[in-house]
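**Student:** Shown below is the structure under consideration.
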Amino acid sequence: METFLLQNGIATALVLGLVAIAVSVVLALKIRAADSGTALMREIAGAIEEGAKAYLRRQIFTISCIAVVLFILIFIFKGGATALGFVIGATCSLLAGYIGMRVAVIANVRTTQAATIGAQHALRTAFNGGSVTGLLVVGLALLSVGGFYLGANAWFADNTEGHKAALDAIVGLALGSSLISVFARLGGGIYTKAADVGADLVGKIEQNLDEDDPRNPATIADNVGDNVGDCAGMAADVFETFAVSLIGSILVAALGFPNDPQYIVFPFMLCGLAVIASVLGILLINVGNFKPSQSLLVGVAASAVIAALLFLPLSWTLFPNEWVSVYVPTLVGLAMTFITVMITNYYTATQYAPVQKIARASETGHATNIIAGLAVGLHATLLPVFFIGLSILISYYFHGLYGVSIAVVSMLSLSGIIISLDAFGPITDNAGGLAVMSKLPKEVRQITDELDAIGNTMKAVTKGYAIASAGLAALVLFSSYVRELQAHRLLRDPAAIPINFTLEDPIILIGLFIGGVLPFLFVANTMDAVGKAAGAVVREVRRQLAAKPGILLGTDKPEYGTCVDIVTKAALREMIFPALLPIIAVLAVAAIPQLGAKALGGVLVGTIITGLFVAISLTSSGGAWDNAKKFIEEGNHGGKGSVAHAAAVTGDTVGDPYKDTSGPAINPMIKVVNIVAILIIPLFF
């Protein structure tokens, strides 16, 4: 058994990746075969689908133009294999996002129709739609990383430095997936929040219209945004996180244990076995009869337990003499998954104190709502960072840096079911909009509202999960940078003295300051982008309502396409500079002789530290603000139309770019900084 796994472990993981894709196809066919509702429902869903497809086509074209330039540069400076890896990573990241969006827009109308039957039926339909994205992301990541790694090793088999060349090439795949993820996250995030904020400011506050009222000219753009931001953007984001973490573990294993193949096989097999655990968790949610608010968390917990059971025999088979030292980090990663889910759920779900505190604060006005929401986000940083530190300590104690890398891979191995939770959110959000625009009974909207509130929490949960895993993964990448740097210096000069990254060195401190400020500059640019685009939507909605008073009376039809076009152009224009900012910063520091490799190491650490805090704070505040509004709309603190509700709408509009644009985009931005630093070592140092 041990010999078989050593020789065929990666191939076995690839087969399990194909299983994940096969199950996602079965679920997609099941969703497509479900009842799609009335003709009016299909017409509105078709408009949302067409808007999402049109945006993504233009986004893909824009990103591809930038990717071609980067491909040429990588080909010139790093060679054809690394450039090919870049293309594969970029293509799979885009593909994951596009297919995830397509399934979501098919599932939304079927979820609305399912809500006419009951809450449980609607929950399963929406969750299965999300599961297609989750399993697809895992399958694509396993196939792309594993397939390219095997192919690169075969290609360089006759080269004396063959394995080292293959490792260099696979870093190109990591860069491609990370960079495209930043673009997808930013473009989709700017789009969805510009439309959402614009629709809310005029529709809810100025005209007292309900959520998704068809008289609001921005309502179609808002629903389109849910799909291109939360579905396509999140799918690209987690594909990148999964792939980069797996690549990071390969680098650590290859550099630390070059003569022991089991160290490379182990992370691949962890991800493959976790596919089985995720599929069984998805099955449990489909056959179980739990409350909607509990059902999804029960599925995640079951998947984690099954994965823990499967990882045990794998550990003692590949590492018979030290299985405890590798098995414990896998348990740490699984525990971190559940801990992250529970912490984020506490800070963003309507049934807990933080959200209810924001709702209470809304009774005294807009300012107190904003203050309470900011405080919740700041409070929410403590527990995740504490447990991240604890997980690093335990994993490192048992097996050094390799133990930390295994904890990261183990944590991300359950992405198949975790990402299902995230895609569940926009599907239920769209389902609620379709219920209103299709004039379905209030009982249907009550069901979709309940599921939407759960979806808001699940979106926050998965963002917290991705950010926490990024903190662990970035540590692994930083260590890979240090090891690669030293290996390269020794190759050039066998007598080279190792670089000592000490805080007593002012160059290191300068790097820490530069890296520390990067997430703030990144967030500032993305928030500005949402604000400018939202302002354009507000002006357009006001123009239409003034030019056609019959829109509010129901006698004139809004020009939905104009708002869609405005946010599409704004998102594509505004995403470029923030996405390229981390690359520009790394190259600038590396190119200055007085800074160089030492300062760049400080940049990596500074970006990780401040990026982690800022991302957790933004996503938690945003999710809490959103659900505080939902809590008030359920009839608490005066309900709809009250002073508290008006304040909660303001808080929600501030929180929208926090949780869906700036916060989650920091995750791939951190990885881009680290990966570019590793790639440019031979060019600058």
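**Student:** Using only Cα atoms, locate the centre of region 622-685 and the centre of region 64-108, then give the distance between them in Å, rounded to an integer.
**Tutor:** 26 Å
**Student:** Angle check, please: helix 560-574 long axis (alpha carbons) against the longest principal axis of the chain (alpha carbons), in degrees 0 to 90, nearest 10.
**Tutor:** 30 degrees
**Student:** By how many nm would the segment from residue 379 to residue 592 grow when fully extended, if each residue of separation counts as 0.36 nm and the alpha-carbon distance is taken off?
**Tutor:** Stretched out fully, the residue 379 to residue 592 stretch lengthens by 72.8 nm.
**Student:** Could you tell me the distance between the Cα centroids of region 204-233 and region 124-141, to the nearest Å?
**Tutor:** A separation of 24 Å, based on Cα centres.
**Student:** For region 423-479, evaluate the Debye formula with one uniform point scatterer on each Cα (no solvent term) and list log10 I(q)/I(0) at q = 0.20 Å⁻¹, rounded to two decimals.
**Tutor:** Treating every Cα as an identical point scatterer, log10 I(q)/I(0) equals -0.69.
**Student:** Now for a different question. Project the alpha carbons of region 331-405 onto their principal axes and report the range along each, largest first, in whole Å.
**Tutor:** Principal-axis extents of the Cα atoms in region 331-405, largest first: 53, 19, 13 Å.
**Student:** Now, a different point. Going by alpha carbons, how many degrees (0 to 90, nearest 10) lie between the helix axis of 506-547 and the longest principal axis of the chain?
**Tutor:** Between the helix axis and the principal axis of the chain, the angle is about 20 degrees.
**Student:** Per Stokes-Einstein, at 37 °C and 0.692 mPa s, what whole-number D in µm² s⁻¹ belongs to region 354-440, with the Kirkwood radius over Cα pairs as the hydrodynamic radius? Mind showing how you got there, number by number?
**Tutor:** Details: Rh = 16.9 Å.
It diffuses with D of about 194 µm²/s by this estimate.
**Student:** On to the next question. What share of Cα pairs, in percent, lie more than 26 angstrom apart in region 232-383?
**Tutor:** Details: 5176 of 11476 pairs.
Looking at region 232-383, the distances longer than 26 Å represent 45 percent of pairs.
**Student:** Where the centre of each part is set by its Cα atoms, how far does region 583-611 sit from region 405-447, in angstrom?
**Tutor:** 38 Å
**Student:** May I pose another question? From the C-alpha coordinates alone, can you work out the Kirkwood hydrodynamic radius of region 97-210, in Å?
**Tutor:** Its Kirkwood hydrodynamic radius stands at 17.9 Å.
**Student:** How large is log10 I(q)/I(0) at q = 0.13 Å⁻¹ when the Debye formula is applied to the Cα atoms of region 404-537, each weighted equally and without solvent?
**Tutor:** Results for region 404-537 at q = 0.13 Å⁻¹ read -0.87.
**Student:** To test your reading of the geometry: what angle, between 0 and 90 degrees and rounded to tens, separates the Cα axis of helix 596-633 from the longest principal axis of the chain?
**Tutor:** Between helix and principal axis, roughly 20 degrees.
**Student:** Kindly write out, for region 340-352 in residue order, the coupling ³J(HN,Hα) from the Karplus curve 6.51 cos²θ - 1.76 cosθ + 1.60 (θ = phi - 60°), rounded to whole Hz, with x marking Gly and Pro.
**Tutor:** For region 340-352, the Karplus curve yields 4, 4, 5, 5, 5, 4, 5, 7, 10, 7, 5, 7, 10 Hz.
**Student:** Shifting gears a bit: Please sort 120-128, 569-577 by packing, taking for each peptide the average over its residues of neighbouring beta carbons within 10 angstrom, highest first.
**Tutor:** Packing order, densest peptide first, comes out as 120-128, 569-577.
**Student:** Using all Cα-Cα distances in region 171-299, what percent lands in each 5 angstrom bin from 0 up to the longest?
**Tutor:** 2, 10, 11, 10, 12, 14, 14, 11, 7, 4, 3, 2, 1, 0
**Student:** Quick one: P(r) of region 541-684 from all Cα-Cα pairs, 5 Å bins, percents rounded to integers, in order of increasing distance.
**Tutor:** 2, 8, 12, 11, 12, 14, 11, 8, 7, 5, 4, 3, 1, 0
**Student:** Further question: Enter the mean projected area of the convex hull around the alpha-carbon atoms of region 598-662, in nm², rounded to one decimal. Write down the numbers at each step before the final one.
**Tutor:** Details: hull surface 18.3 nm².
So the Cα hull casts an average projection of 4.6 nm².
**Student:** Let me ask you something else. Using Cα positions and a limit of under 25 Å, work out the lysines in reach of residue 598, with same-chain residues fewer than 8 apart set aside.
**Tutor:** Answer for residue 598, where 25 Å is the Cα cut-off: 78, 164, 671, listed by chain and number.
**Student:** Let me ask something else. What is the log10 of I(q)/I(0) for region 564-647, computed with the Debye formula using one identical point scatterer on each Cα and no solvent, at q = 0.12, 0.18 Å⁻¹?
**Tutor:** At q = 0.12, 0.18 Å⁻¹ the computed log10 ratios are -0.67, -0.92.
**Student:** How far is it, in nm, from the label point at residue 493 to the one at residue 342 when both lie 7 Å from their Cα along the line to the Cβ?
**Tutor:** Rounded to a tenth, the inter-label distance reads 5.2 nm.
**Student:** What ranking do 266-275, 551-560 get when scored by the average of other Cβ atoms within 10 Å per residue, highest first?
**Tutor:** Details: 266-275: 26.5, 551-560: 14.9.
Going from most to least packed, we get 266-275, 551-560.
**Student:** Then there is this: Kindly rank 17-25, 397-405, 483-491 from highest to lowest mean number of other beta carbons found within 10 Å of each residue. Don't skip to the end; give the middle numbers.
**Tutor:** Working: 17-25: 19.7, 397-405: 22.1, 483-491: 16.2.
In descending order of packing, they fall as 397-405, 17-25, 483-491.
**Student:** Can you give the Kirkwood hydrodynamic radius for region 469-604, in Å, rounded to one decimal and based on Cα pairs? Can you show the working numbers first?
**Tutor:** On the way: mean 1/r = 0.0530 Å⁻¹.
Kirkwood hydrodynamic radius for region 469-604: 18.9 Å.
**Student:** Over the alpha-carbon set of the chain, work out the extent along each principal axis and list the three values in angstrom, largest first.
**Tutor:** Projected onto the principal axes, the Cα atoms of the chain cover 80, 54, 42 Å.
**Student:** Binning every alpha carbon pair distance of region 1-94 at 10 Å from zero, what are the percents per bin?
**Tutor:** Histogramming region 1-94 at 10 Å steps yields 13, 21, 27, 25, 12, 3 percent.
Read the figures in this text as sums done on the coordinates, not as results from a lab. Just so you know, these numbers come straight off a predicted model, no measurement behind them. Glycine gets a Cβ as well: all are built from the backbone with ideal geometry, and neighbour counts include every protein chain shown.
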